[in-house]
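*Asks:* Mind having a look at this structure? Questions to follow.
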2 protein chains.
Amino acid sequence: MSHPHPELGPPPPLAKDALRVVALGGLGEIGRNMTVFEYNGKLLIVDCGVLFPEEEQPGVDLILPDFDYIRDRLDDIEALVLTHGHEDHIGAVPFLLRERADIPLVGSRLTLALLSAKLGEHRIKPTTVQVEEGERRSFGEFDLEFLSVNHSIPDSLAVAIRTPAGLLLHTGDFKMDQLPLDGRLTDLAGFARLGDEGVDLLLADSTNAEVPGFVTSERDIAPAIDEVFAQSNQRIIVACFASHIHRVQQVLDSAKAHGRKVAFVGRSMVRNMNIARDLGYLTIPGDLLVDVKQLDDLPPGEAVLVSTGSQGEPMSALTRMANRDHQIRIEEGDTVLLASSLIPGNENSVNRVINGLIRWGAKVVHKGNALVHVSGHASAGELMYVHNMVRPRNFMPVHGEWRHMRAHAKIAALAGLDEDRICIAEDGVVVDLHRGRARITGAVPARYVYVDGSSVGDVTESALKDRRILGEEGFISVVVAVDTASGKIVGEPEIHTRGAGIDPDAYDEIVPKLQDSLERAAADGIADPVQLRQLVRRGIGRWVNENYRRRPMIVPVIVEV
Amino acid sequence: MSHPHPELGPPPPLAKDALRVVALGGLGEIGRNMTVFEYNGKLLIVDCGVLFPEEEQPGVDLILPDFDYIRDRLDDIEALVLTHGHEDHIGAVPFLLRERADIPLVGSRLTLALLSAKLGEHRIKPTTVQVEEGERRSFGEFDLEFLSVNHSIPDSLAVAIRTPAGLLLHTGDFKMDQLPLDGRLTDLAGFARLGDEGVDLLLADSTNAEVPGFVTSERDIAPAIDEVFAQSNQRIIVACFASHIHRVQQVLDSAKAHGRKVAFVGRSMVRNMNIARDLGYLTIPGDLLVDVKQLDDLPPGEAVLVSTGSQGEPMSALTRMANRDHQIRIEEGDTVLLASSLIPGNENSVNRVINGLIRWGAKVVHKGNALVHVSGHASAGELMYVHNMVRPRNFMPVHGEWRHMRAHAKIAALAGLDEDRICIAEDGVVVDLHRGRARITGAVPARYVYVDGSSVGDVTESALKDRRILGEEGFISVVVAVDTASGKIVGEPEIHTRGAGIDPDAYDEIVPKLQDSLERAAADGIADPVQLRQLVRRGIGRWVNENYRRRPMIVPVIVEV
């Protein structure tokens, strides 16, 4: 089993009859999925998503794939295939299109509709190519075939990529619900047919490779949803992902069956459900929908809210309800249904929301106490089917952290693949497919690119390091005025501090000492601002450490007057 | 079911024949457990622990209960009972003893030994009263009886408190392992005897009230631990809590059986295991132990490390191993066993550690993929036993967040208690037991008291708010020198910034504009520093918002020269 080493250098030139695979995101993390395929000087990209920041990236809004690797070759891009409409697969498209606006965007009807709505908000009019399962279509020398896959958003696709270098299958995100609500199965028969043809490299979703067994069918959560409706005679508030159209459909069906009205809350929920209804992916019976303002006129036993905020996002409607900071006031007897997964990293915020809701008397139903969520990603049992049907010559686990990729590699090995035919890559690691063999041949930069506010890339690792220090310790700024002519200190050093948590009076002890040492330095003819800053930094740093055992950021400012 | 309202005022004076219960911590959170009982002007305290901060409290080391409520009445404290030796029950004792050093500390042998070691590090020599299960002992008018309970640390106690106002039972932290490793059962028979006598108020551990069923016995994890040893022929690294003596015992037993040697790593692990061995709570066979330095001389198949760091603490040995920043280098084939719970809030850091270890080729066994941990707190099934045996006249859920306390209240109601006899309190809420009825009668302050470095309470909510802004956005400081005589600006405004993530050159655009507006203000005779600061704050704030859509902290500094 080959895996990258930190010492990987730039890859050699690509052999003429070889295909190169470079993931710029999605390997070693769940998010910012983006894979670049290169053949004969031309590029095909699959997915272009965002990663949501963790506490290690404070203040960051989004993390993008690093486009550096393709920046000089934007005109070589034949197409960008979007496998489905989730943010971690389409969220970075607006940023890529800023660099070249007319990259052909290839995807299914729903995927392109969701993407176009997003691009509309960025005032971008894209070039789109709508495709569907079963279709085969060439972009330059990349001959693509699309296959239906089943996931937590409708209309998802896998893509087979044929070039003279070989046949690749990229599953996209998928599971294998054998009784999907929309009847659209993952095309395992198609996978098998490709396997018969001979798949040279399989790239497959690793998210749930550690989870044994099979994902429960989406329709198996209907009884739990129905029980919530049957047992409640007050308001029901459902929080789930704004893209989970089938989940929302099940809630609408239960609401209808129990004679309730439904209002959608949250910008993306309202937008996506409109799109899904207009395109026929969501069926909304007659007069079921009401505006959120009309809910107040209904008896609580007839009202349902379907809202975003299932991850405890601080500004979401649900979080504000939990804090009694929303027009909807949670009352004793209300039921809140969190019909969603709990994305790792959000445990604390979701727990706070649950506690807040329960504090005000709500009953909270969630995946921890009822079957109200199933995953969108194939478990180990399903992955075994894929490996056994496709029987690829080489395998590369994608869409996963290390733990998921290693577990997926084991599944491939169990299915009989030689370990040296399994390439566990990381973001930026180069895998070349040449004469039927996939090998790691080098690495290219694939840094985190941070979006913060309206700017992309301005926030660097060093700014984040400063933020982490400031966020943990605060800062102490010491402003010293120096007369440039005489080199003398003017007035006394001024302290400006935030977040350091030191009683302001305490500085009365250190300021005269700083002044003394500055005056002594001046008397010794030291006027270099660098040296003076150093003097201040050391003096106050030592004082804080000795008296408080803390390390705030110290910002000495020498003002020359 | 009575529960507190934000509008609760100070409680009325306590009736002569009544008993008052005020939790200063532990209700509405898991941590900083501390409950104050008052009768006839005297106080009894049960537990005095710390709470570990979450991301909402950046840079904070520990959170203490707020001692304000008892600060003027320290001399009225008859005793402080410590139910067991966990940090969330004993961690704040050194801070309370700073206020009155000779408070009698009452606890079991192991609890007092662990506490004394901790106090020794703070150079405090405490006044201790060692007690054991079955013992009855009075402190002033508080007549105490101690009962054995089973928990994830040996020698834990429940305490029954008799005063003329009635009989209380405080369970402490407990579960009801029916085959505990040390044979020491939770004294359910004693609970029943007290129930026969008539328990006026039960206070019981709510941590697992949401979890149906029964906690698996500690001894049931032995096969999983043994399988790790049987399947590994390389190094085994076990991470668990430094206080979980029975868990460590099971690891030592397996190591012995498989012919391996063991080294302890981590200060608290080494300290606690020494104490436990010296007092006979831990049995270490013959030559099993080696020093960590000797491990290198052993074949990897004979080495076991038992380490702290199971929660992904940044500086712990395990985290550093995951980052290849430790003398122990993780190699392909090593096995890491996380034999511990995952404390909510630590999911991200533990996940990072697991990914790091797996990246280097380790196999990681954890509670998600093997039965290597069982909880220390009674599940709903066990709690039903307690309620049915004790049949209290009133009940107050303790040791839990809102979700846990509400779930526990439902269990009490299921067992037949009237809902108006169940008091769900929060920290600071006053519950008075008077003539057989417990009622919420008011609230007292119970703020979070922050320990940061060597200081207690200096870090305020306002400093934390500043830290959160600084940590998310950084700061921009604008230093302007003003000639006091002329009111004129000297030189040009200087920008000092950290963490804002703005290209330094960009400030060239705004500095002249700031200077212009300052000079115009000076020309208009505006020399008041408050007004000048306002001018600067608005000017640069608007510029940052318009150009970057961000809100860094803006710190204008007017230096008068």
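The values are calculated or read from the model by the stated rules, or taken from the named source; none is laboratory data. On a predicted model such as this, the values are computed, not experimentally measured, just so you know. Here the Cβ is made from the backbone with ideal geometry for all residues, glycine too, and neighbour counts use every protein chain on show. Protein only, heavy atoms only, side chains kept; ligands, DNA and RNA dropped before computing areas. Shrake-Rupley method; radii C 1.70, N 1.55, O 1.52, S 1.80 Å.
*Asks:* Which semi-axes, in whole Å and largest first, does the equivalent ellipsoid of the protein assembly as shown have when worked out from the alpha carbon gyration tensor as the square roots of 5 times its eigenvalues? Don't skip to the end; give the middle numbers.
*Replies:* Numbers: eigenvalues 466, 352, 216 Å².
Equivalent ellipsoid of the protein assembly as shown: 48, 42, 33 Å, largest first.
*Asks:* Still on this model: Can you send over the carbon and sulfur percentage of the accessible area for the protein assembly as shown, probe radius 1.4 Å, protein chains only? Intermediate values should be presented prior to the final figure.
*Replies:* Working: 21140 of 43640 Å².
Percent of accessible area from carbon and sulfur atoms in the protein assembly as shown: 48.
*Asks:* Right, next: 5 Å is the cut-off here: which amide hydrogens, built 1.01 Å from N in the peptide plane, fall below it relative to A:THR127, excluding neighbours closer than 5 in sequence?
*Replies:* The answer is A:LEU105.
*Asks:* Can you figure out the FRET efficiency of A:ASP516 with B:ARG98, using R₀ = 45 Å and their beta-carbon distance, to the nearest 0.05? Intermediate results must be reported in sequence, preceding the final value.
*Replies:* Numbers: r = 33 Å, r/R0 = 0.74.
According to the calculation, E is roughly 0.85.
*Asks:* To the nearest 100 Å², how much accessible surface do chains A and B cover up together, summed over both, with a 1.4 Å probe? Before the final figure, lay out the partial values.
*Replies:* On the way: alone 24540 and 24520 Å², together 43640 Å².
Approximately 5400 Å² gets buried when A meets B.
*Asks:* Would you mind classifying the range B:218-365 by shape? Square roots of the alpha carbon gyration tensor eigenvalues, ordered a ≥ b ≥ c; an a/c under 1.5 is rounded, otherwise it is prolate if a/b is larger than b/c and oblate if not. Each step should come with its number before you reach the end.
*Replies:* Working: a/c = 1.44, a/b = 1.21, b/c = 1.18.
Rounded, because the longest to shortest axis ratio a/c is under 1.5.
*Asks:* Here's a follow-up. Take the Cβ-Cβ distance between B:ARG193 and B:LEU371 as r, set R0 to 30 Å, and report the resulting FRET efficiency rounded to the nearest 0.05. Kindly include the intermediate steps, with their values, before the conclusion.
*Replies:* Numbers: r = 35 Å, r/R0 = 1.15.
Efficiency, rounded to the nearest 0.05: 0.30.
*Asks:* Continuing with the same structure: Out of the range B:30-64, which GluC sites (Glu not before Pro) are coil in DSSP terms and have no more than 13 other C-beta atoms within 10 Å?
*Replies:* Working: sites: B:GLU38, B:GLU54, B:GLU55, B:GLU56; in loops: B:GLU54, B:GLU55, B:GLU56.
Answer by residue number: B:GLU56.
*Asks:* Round to the nearest 10 and report in Å² the accessible area of A:GLU331, as given by a 1.4 Å probe over the protein chains' heavy atoms.
*Replies:* 90
*Asks:* For the range B:345-397, what size does the Cα cloud have along each of its three principal axes, sorted from largest down, in whole Å?
*Replies:* Here the spans come out as 57, 21, 10 Å, largest first.
*Asks:* Right, here's the next one. Give me the residues in the range B:461-479 whose solvent-accessible area, probe 1.4 Å, is reduced by at least 50 Å² once all protein chains are included instead of the chain isolated.
*Replies:* Buried by the other chains: B:ARG467, B:LEU470, B:GLY471, B:GLU472, B:PHE475.
*Asks:* According to the square roots a ≥ b ≥ c of the eigenvalues of the Cα gyration tensor, what is the shape class of the range B:461-560, taking rounded for a/c under 1.5, prolate for a/b larger than b/c otherwise, and oblate for the remainder?
*Replies:* prolate
*Asks:* I'd like the distance between the alpha-carbon centres of the range B:36-85 and the range B:412-444, rounded to an integer number of Å.
*Replies:* With the range B:36-85 and the range B:412-444 each reduced to a Cα centre, they are spaced 20 Å.
*Asks:* Given an 8 Å cut-off on Cα distances and at least 6 residues of separation, report the relative contact order of chain A as a percent.
*Replies:* Values: 1238 pairs, mean separation 95.6, N = 561.
That works out to 17 percent.
*Asks:* Enumerate the calculated ³J(HN,Hα) couplings along the range A:365-371 in order (Karplus 6.51 cos²θ - 1.76 cosθ + 1.60, θ = phi - 60°), each rounded to whole Hz, writing x wherever the residue is Gly or Pro.
*Replies:* Working through the residues one at a time gives 9, 8, 5, x, 10, 7, 7 Hz.
*Asks:* Additional query: May I ask you to list the trypsin sites (Lys or Arg not before Pro) in the range A:365-442 that are in a DSSP loop and have at most 13 other Cβ atoms within 10 Å of their Cβ? All intermediate terms of the calculation are to be shown ahead of the outcome.
*Replies:* Values: sites: A:LYS367, A:ARG393, A:ARG403, A:ARG406, A:LYS410, A:ARG421, A:ARG435, A:ARG437, A:ARG439; in loops: A:LYS367, A:ARG393, A:ARG435.
Here the trypsin sites (Lys or Arg not before Pro) that fit, given the DSSP loop and packing criteria, are A:ARG435.
*Asks:* Here is a follow-up. Given bins 5 angstrom wide, list per bin the percent of all Cα-Cα distances in the range A:77-234, short to long.
*Replies:* Using 5 Å bins, I get a P(r) of 2, 8, 16, 18, 17, 15, 10, 7, 4, 2, 1, 0, 0 for the range A:77-234.
*Asks:* Tell me the distances, shortest first, between A:ALA15 and the same position across the other copies, using label points 7 Å along Cα→Cβ, in nm to one decimal.
*Replies:* From this label point to the equivalent ones elsewhere in the assembly: 9.2 nm.
*Asks:* Sort A:SER375, A:SER108 from largest to smallest accessible area, using a 1.4 Å probe on the heavy atoms of the protein chains. Mind showing how you got there, number by number?
*Replies:* On the way: A:SER375 35, A:SER108 0 Å².
So the residues, ranked largest to smallest area, are A:SER375, A:SER108.
*Asks:* Please give the charge dipole size of the protein assembly as shown, origin at the Cα centre, charges +1 on K and R Cβ atoms and -1 on D and E Cβ atoms. Round to the nearest 20 debye. Don't skip to the end; give the middle numbers.
*Replies:* On the way: 118 positive and 160 negative charges, 179 e Å.
That gives the protein assembly as shown a dipole magnitude of about 860 debye.
*Asks:* Which of the residue pairs A:LYS488/A:LYS513; B:LYS488/B:LYS513; A:LYS367/B:LYS175 have a Cα-Cα distance greater than 18 Å in the structure shown? Could the numbers behind the result be given before it?
*Replies:* Working: A:LYS488/A:LYS513 16 Å; B:LYS488/B:LYS513 16 Å; A:LYS367/B:LYS175 25 Å.
Pairs exceeding the cut-off: A:LYS367/B:LYS175.
*Asks:* Go through A:ASP418, A:ASP278, B:ASP452, A:ASP76 and list them by solvent-accessible area, largest first, probe radius 1.4 Å. Display every interim value, and only then the final one.
*Replies:* On the way: A:ASP418 95, A:ASP278 120, B:ASP452 5, A:ASP76 40 Å².
Descending order: A:ASP278, A:ASP418, A:ASP76, B:ASP452.
*Asks:* Right, next: Tell me, what is the percent relative contact order of the range B:461-560, built from C-alpha pairs under 8 Å that lie six or more residues apart?
*Replies:* Numbers: 135 pairs, mean separation 38.7, N = 100.
That works out to 39 percent.
*Asks:* Round to the nearest 10 and give me the degree value, 0 to 90, for the angle of helix A:222-231's Cα axis relative to the longest principal axis of chain A.
*Replies:* Approximately 70 degrees, to the nearest ten.
*Asks:* Right, another one. Taking only C-alpha pairs under 8 Å that are 6+ residues apart, what is the relative contact order of the range A:1-94 in percent?
*Replies:* 26
*Asks:* Is there a quick way to get the dipole size of chain B? I mean about its Cα centre, with the Cβ of Lys and Arg at +1 and of Asp and Glu at -1; what is the value in debye to the nearest 20?
*Replies:* On the way: 59 positive and 80 negative charges, 94 e Å.
In total the dipole reaches around 460 debye.
*Asks:* Let me ask something else about it. Quick one: if you stick a label point 7 Å off each Cα along the C-beta vector at A:ASP17 and B:ILE526, how many nm between them?
*Replies:* Label at A:ASP17, label at B:ILE526, 7.6 nm between them.
*Asks:* How do A:514-521, A:299-306, A:173-180, A:78-85 rank on mean C-beta neighbours within 10 Å, highest first? Before the final figure, lay out each step's value.
*Replies:* Working: A:514-521: 15.9, A:299-306: 19.6, A:173-180: 21.5, A:78-85: 25.8.
Sorting A:514-521, A:299-306, A:173-180, A:78-85 by mean packing, highest first, produces A:78-85, A:173-180, A:299-306, A:514-521.
*Asks:* Can you list, shortest first and in nm, the gaps between the label point of A:GLY491 and those of its counterparts in the other copies, using a point 7 Å from Cα in the C-beta direction?
*Replies:* For A:GLY491, the other copies' label points sit at 1.3 nm, shortest first.
*Asks:* When DSSP assigns beta bridges and you keep just the ones with both residues in the range A:461-560, what percent turn out antiparallel, to the nearest 5?
*Replies:* Details: 7 of 15 bridges.
Taking every DSSP beta bridge with both residues in the range A:461-560, the antiparallel ones total about 45 percent.
*Asks:* Right, something else. Taking θ = phi - 60°, what integer Hz values does the Karplus form 6.51 cos²θ - 1.76 cosθ + 1.60 yield along the range A:186-197, in sequence order, with x for Gly and Pro?
*Replies:* Those phi angles translate into 5, 7, 5, 4, x, 4, 5, 4, 4, x, 4, 5 Hz.
*Asks:* Let me ask something else. Which is farthest toward the positive dipole end of chain A among A:GLY428, A:ALA165, A:TYR507, measuring Cα position about the Cα centre, with Cβ charges +1 (Lys, Arg) and -1 (Asp, Glu)?
*Replies:* Most positive-ward Cα: A:ALA165.
*Asks:* Divide the volume of the convex hull of the Cα atoms of the range B:1-130 by its number of residues and quote the answer in cubic angstrom per residue. Spell out each step's value before the answer.
*Replies:* Working: hull volume 18.1 nm³, N = 130.
Measuring per residue, one finds 139 Å³ for the Cα hull of the range B:1-130.
*Asks:* 222 nm [θ] for chain A, helices only, -39500 (n - 2.57) per DSSP H run of 4+, per residue, to 500? Intermediate results must be reported in sequence, preceding the final value.
*Replies:* Working: 15 runs with 164 residues, N = 561.
Value at 222 nm, helices only: -9000 deg cm²/dmol.
*Asks:* Quick check on my link table: of A:LYS42/A:LYS125; A:LYS256/A:LYS293; B:LYS261/B:LYS363; A:LYS410/A:LYS465, which ones sit more than 28 Å apart, alpha carbon to alpha carbon?
*Replies:* Numbers: A:LYS42/A:LYS125 24 Å; A:LYS256/A:LYS293 19 Å; B:LYS261/B:LYS363 20 Å; A:LYS410/A:LYS465 37 Å.
Too far apart for the 28 Å limit: A:LYS410/A:LYS465.
*Asks:* Taking K and R as +1 and D and E as -1, what net charge do the other residues with C-beta under 12 Å from the C-beta of A:ASP503 add up to?
*Replies:* Working: positive: none; negative: A:ASP505, A:ASP508, A:GLU509, B:ASP458.
Combined, the nearby Lys, Arg, Asp and Glu give -4.
*Asks:* If you don't mind, there's one more thing I want to ask. So what does log10 I(q)/I(0) come out to for chain B at q = 0.06, 0.07, 0.08, 0.12 Å⁻¹, using the Debye formula with one equal point on every Cα and no solvent?
*Replies:* Summing over Cα pairs of chain B leads to -0.40, -0.52, -0.65, -1.11.
*Asks:* Continuing with the same structure: Solvent-accessible area per residue for the protein assembly as shown at a 1.4 Å probe radius, Å²?
*Replies:* Working: 43640 Å² over 1122 residues.
Accessible area per residue, the protein assembly as shown: 39 Å².
*Asks:* Please sort by residue number the trypsin sites (Lys or Arg not before Pro) in the range A:103-156 whose DSSP state is loop and whose Cβ has at most 13 other Cβ atoms within 10 Å. Numbers along the way, then the final one.
*Replies:* Details: sites: A:ARG109, A:LYS118, A:ARG123, A:ARG136, A:ARG137; in loops: A:ARG123.
Answer by residue number: A:ARG123.
*Asks:* Using θ = phi - 60° and the Karplus form 6.51 cos²θ - 1.76 cosθ + 1.60, what ³J(HN,Hα) does each residue of the range B:411-421 get, whole Hz, x for Gly and Pro?
*Replies:* 4, 4, 5, 4, 6, x, 6, 4, 4, 7, 9
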